[in-house]
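As structure tokens, the structure follows; a few thoughts come after it.
The values are calculated or read from the model by the stated rules, or taken from the named source; none is laboratory data. Owing to the predicted nature of the structure, the values given are computational and were not obtained by experimental measurement. FYI the Cβ positions are ideal-geometry reconstructions off the backbone, even for glycines, and counts take in every protein chain you see. Protein only, heavy atoms only, side chains kept; ligands, DNA and RNA dropped before computing areas. Shrake-Rupley method; radii C 1.70, N 1.55, O 1.52, S 1.80 Å.
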Amino acid sequence: MSTYARPASLDEALELLADDGAAPYGGGTDLAGQVDRGIRVPTVLVDLRDAGLGSLEAAAGGLRIGASVTLAELARAPELEPYAAVRQAASLAASPLLRTVGTVGGNLCQHTRCWYYRGEEWHCWLGGGDTCYAQIGDHAKHNLEPGDCISAHPSDLAPALAACGAIVELRARDGVREVPLLALYRRPTEEDRSLVALARGELVTAVTLPAPPDASAYERVGERAAFTFPLVSVAAARRDDTVRLVAAGVANVPRELDPDDPLAGLPGNPQTAWKRTLLATLAGRALDRVR
């Protein structure tokens with residue numbers, strides 16, 4: 001059984017998170033499901049509400065977004081108007097109720113929604129087993145890349161933030177580092193099956209956006225309009241003549257695409273041929289909107 005702590009500062013939170021088995025608790029919309037299904041068994045839940053991570057402020061011509069800012073706050077923030085893709089992604093994630101508690105950090109670090117990973121009746125490869133049941137089973141959340149795991153990344157915010165050039169601030173008890181948003185993720189290996197490139201005790205504390213792009217757009221398709229995760233989502237951002245295109249739902253992690261050939265390197269699986277068509281359609285729409 002997990003214990004609960006509500007530290008009064010970020011330093012105190014990082015001290016608690018340095019212990020093996022501690023888990024950061026923001027909105028809890030993903031963590032609660034992981035705990036309920038036995039995916040994670042934290043020794044202590046570290047509540048971040050008093051850690052000072054809930055601000056959104058101007059920074060060096062852009063914006064600094066605290067990791068505890070909720071999706072609802074992000075979607076309605078006037079400061080986000082120049083970042084249309086990010087604002088739209090925040091407004092479409094999950095459901096209206098979940099957006100009021102789900103946080104930026106939690107949305108970026110959430111686990112895959114593949115039911116072979118989430119289901120109690122399977123022990124899949126990503127969860128530490130021997131078999132990726134998605135390779136032989138039916139699931140709309142398969143990705144388009146070959147590999148030991150073909151689950152798909154579910155974050156709405158990740159492709160939008162990445163397309164706009166976001167940098168992630170990571171803190172631990174012994175220091176701080178900054179990485180481009182896509183460097184927050186890693187493909188799983190036999191030795192390390194984590195999809196997020198965080199060291200033990202390391203916490204996403206903020207996301208920094210540079211000056212706004214000239215134009216940006218976000219396109220996504222889910223199983224329904226609300227309370228759903230994207231089956232495929234695409235964000236595009238243009239600065240002068242340079243366009244950056246990033247997608248989710250097509251690989252283990254958010255993936256940058258070639259604007260001239262969005263399907264390059266994504267052969268698909270027998271179950272996901274339809275996703276190639278969907279990806280091409282959404283990429284075309286997003287590129288048309290920014291060009």
Here the residues within the stretch 57-86 that are among the acidic types (D, E) and either assigned to a loop (DSSP other than H, G, I, E, B) or touching a Pro at 6+ places or on another chain (Cβ under 9 Å) (or both) are E81
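With the requirement that a residue be outside any strand (DSSP E or B) and either charged (D, E, K, R) or farther than 18 Å from L184 by Cα (or both), what does the stretch 248-268 give you?
Once the filter is applied, which keeps residues that are outside any strand (DSSP E or B) and either charged (D, E, K, R) or farther than 18 Å from L184 by Cα (or both), the stretch 248-268 yields P259, D260, P262, L263, A264, G265, L266, P267, G268.
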Being open to solvent by 50 Å² or more (accessible area, probe 1.4 Å), more than 18 Å from the chain's Cα centre (by Cα) and within 22 Å of L71 (Cα to Cα): is that true of A273 here?
no
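Name the residue, out of A5, A58, A32, A67, that is without any contact (Cβ under 8 Å) to a residue 40 or more places away in the chain and either buried (at least 18 other Cβ atoms within 10 Å of the Cβ) or farther than 25 Å from I167 by Cα (or both).
A32
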The lone exception for G54 - which of (1) assigned to a strand (DSSP E or B); (2) more than 25 Å from G222 (Cβ to Cβ) it fails:
(1)
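Limited to the stretch 14-25, what total is found for residues that are within 11 Å of L45 (Cβ to Cβ) and surrounded by 15 or more Cβ atoms within 10 Å (Cβ to Cβ)? Outline the logic, then answer.
To start, the set of residues in the stretch 14-25 that are within 11 Å of L45 (Cβ to Cβ) comprises 16-17, 21-25.
Still in the running and surrounded by 15 or more Cβ atoms within 10 Å (Cβ to Cβ): 16-17, 22-25.
The total comes to 6.
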Flagged in the stretch 128-152 as in a loop (DSSP other than H, G, I, E, B), modelled with pLDDT of 90 or more and surrounded by 19 or more Cβ atoms within 10 Å (Cβ to Cβ), in numbering order, are C132, N143, L144, E145, C149, I150, A152
Could you check how many residues of the stretch 157-216 are under 29 Å from R289 (Cβ atoms), surrounded by 15 or more Cβ atoms within 10 Å (Cβ to Cβ) and charged (D, E, K, R)?
0
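Listed residues L198, L245, L231; which is more than 25 Å from I136 (Cβ to Cβ), out of contact with any Phe, Trp or Tyr (no Cβ under 7 Å at 6 or more places or on another chain), in a strand (DSSP E or B) and touching a residue at least 24 places away in the same chain (Cβ under 8 Å)? Can you show your working first?
Numbers: L198 fails: in a strand (DSSP E or B); L231 fails: more than 25 Å from I136 (Cβ to Cβ).
None of the others qualify; the one that does is L245.
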Looking at L231, L245, L279, which one is under 17 Å from C164 (Cα atoms) and either modelled with pLDDT under 95 or in contact with a strand residue (DSSP E or B) (Cβ under 6 Å, 6 or more places away or on another chain) (or both)?
L245
Between a first residue in the stretch 126-140 that is under 17 Å from P188 (Cβ atoms) and a second residue that is among the acidic types (D, E) and open to solvent by 50 Å² or more (accessible area, probe 1.4 Å), which pairs have beta carbons less than 8 Å apart while being 6 or more apart in sequence or on different chains?
C132/D148
Subset of the stretch 87-106, residues modelled with pLDDT of 95 or more, in a helix (DSSP H, G or I), buried (at least 21 other Cβ atoms within 10 Å of the Cβ) and touching a strand residue (DSSP E or B) at 6+ places or on another chain (Cβ under 7 Å), comes to A89, V104, G105
Given the structure, is A211 in a loop (DSSP other than H, G, I, E, B), small (G, A, S) and more than 22 Å from P146 (Cα to Cα)?
yes
